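The values are calculated or read from the model by the stated rules, or taken from the named source; none is laboratory data. Bear in mind the structure is a predicted one, so any value in this text is a computation, not a measurement. Here the Cβ positions follow ideal geometry from the backbone for every residue, glycine too, while neighbour counts run over all protein chains shown. Accessible surface areas use protein heavy atoms only, side chains included; no ligands, DNA or RNA. Shrake-Rupley method; radii C 1.70, N 1.55, O 1.52, S 1.80 Å.
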Amino acid sequence: MNPNKKRLRRSMMFLNAQKPGLVKDPYIYKPDSIMLDLEDAVAENQKDVARFSLYHALKEIDYRGCERVVRINGLDTPYWKEDIRCAVAGGCDAIRIPKTETPEDVRAVEAEILQAEKDFNIPEGRTLIMAAIESARGVMKALDVCEASDRLFGIALSGGDYTKDLQTRITGTGVELMGARQNMIIAARAAKVQCFDTVFTNLDDMEGFRKEVETIHLMGFDGKSIVNPRQIPVVHEIYTPTQKDIIFAEKVVKEIDEKKELGIGVFTVDGKMIDIAFYDGAKRTIDLAKASGVYKGDL
């Protein structure tokens, strides 16, 4: 398995691949991933120009550990195959498929990636895939999409297109997205892949943004798509375990390891009843703390 499949992805910032001023140094804001966009951000008559800019950015810019994901054009356009070839030749880390509705969509992209890896002498399997869910059909097929390829590391909700398909709109309350969010996170967890929330476009409402990130964090999402560097610190703060969380997780892991040897299945930690079911969650907290650079323990 590609070791980057499970990497930390709290924040994924969209950037227009055609704009040199945007793609030259986004790493200074320290997003976990950047989304170099060839689709909606680029006009129809500028697709070739955007690919040229993308290729040279991937080849020449040191993004300093920031994951580089390329959003290709839709599979119903004449652009997507050349988008993949350009992105793979440049050495991108992953391809984002827009408007994914079926596992066949994923497998079609996977086949093109494999051919491009062969053509450009890229190690087979290096290029990962993520799928954007943007329709009611896509939400209903989320589990099938998640299980379509070993390259697929996660799925992401695209709220704008999804709500249009649902014949409603983004309200800011989250009610219109509740069903999709719940279905997608369940599908992702069942398939053991990651799940990412949609963008929040009202940059004047940072309080609303914080509340939304807190909500999706509690729901189990791995991270959030973002449109502005101002949003990154909020996402990272909410997704980074507190020292209180870390200390409790350490106690749980150590106690379970010790009690398991003694044949004890249920016990208390800081007054809370604990059993083996808490183990994976505690380990995940420690792993997230390590990935976030805040862990100072010895586990």
Ellipsoid semi-axes in whole angstrom, largest first, where each is sqrt(5λ) of the Cα gyration tensor of the chain
34, 21, 20
Zero-based 10 Å bins, Cα pair distances in region 98-142, whole percents
28, 42, 23, 7
Projecting each Cα onto the charge dipole of the chain (Lys/Arg +1, Asp/Glu -1 at the beta carbon, about the Cα centre), which of Gly220, Asn202, Phe52 comes out farthest on the positive side?
Gly220
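Over region 156-255, what percent of the accessible surface lies on carbon and sulfur atoms, probe 1.4 Å? Write out the running numbers ahead of the final one.
On the way: 2610 of 4890 Å².
With neighbouring chains kept in place, the figure for region 156-255 is 53 percent.
Report the antiparallel proportion of the DSSP beta bridges in the chain as a percent, rounded to a multiple of 5.
Numbers: 4 of 34 bridges.
Of all bridge pairs located within the chain, approximately 10 percent are antiparallel.
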Acute angle (nearest 10 degrees) that the helix 279-292 long axis makes with the longest principal axis of the chain, alpha-carbon atoms
50
Where the convex hull is taken over the Cα atoms of region 259-299, what is its projected area averaged over directions, in nm²?
3.5
Measuring from centroid to centroid over Cα atoms, what is the spacing of region 262-281 and region 172-201 in Å?
30
Surrounding charge for Ala148, neighbours by C-beta under 11 angstrom, Lys/Arg +1, Asp/Glu -1, total -3
In bins 5 Å wide, starting from 0, what share of all Cα pairs of region 18-100 does each bin hold, as a percent?
3, 16, 30, 26, 16, 7, 2, 0
So the angle from the long Cα axis of helix 103-119 to the longest Cα principal axis of the chain, reported in degrees to the nearest 10, equals 70
Over the chain, give the accessible area per residue in Å² for a 1.4 Å probe, as an integer.
49
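At 20 °C and 1.002 mPa s, grab the translational diffusion coefficient of region 110-212 from Stokes-Einstein with a Kirkwood Rh over Cα pairs, rounded to a whole number in µm² per second.
Values: Rh = 15.0 Å.
Using the Kirkwood radius from Cα pairs, D works out to 143 µm²/s.
For Lys192 and Val269, FRET efficiency with R0 = 30 Å and r from the beta-carbon atoms, rounded to 0.05?
Working: r = 27 Å, r/R0 = 0.90.
After rounding, the FRET efficiency stands at 0.65.
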So if I average 1/r over every pair of distinct C-alpha atoms in region 240-283 and take the inverse, what Kirkwood radius in Å does that give?
10.5
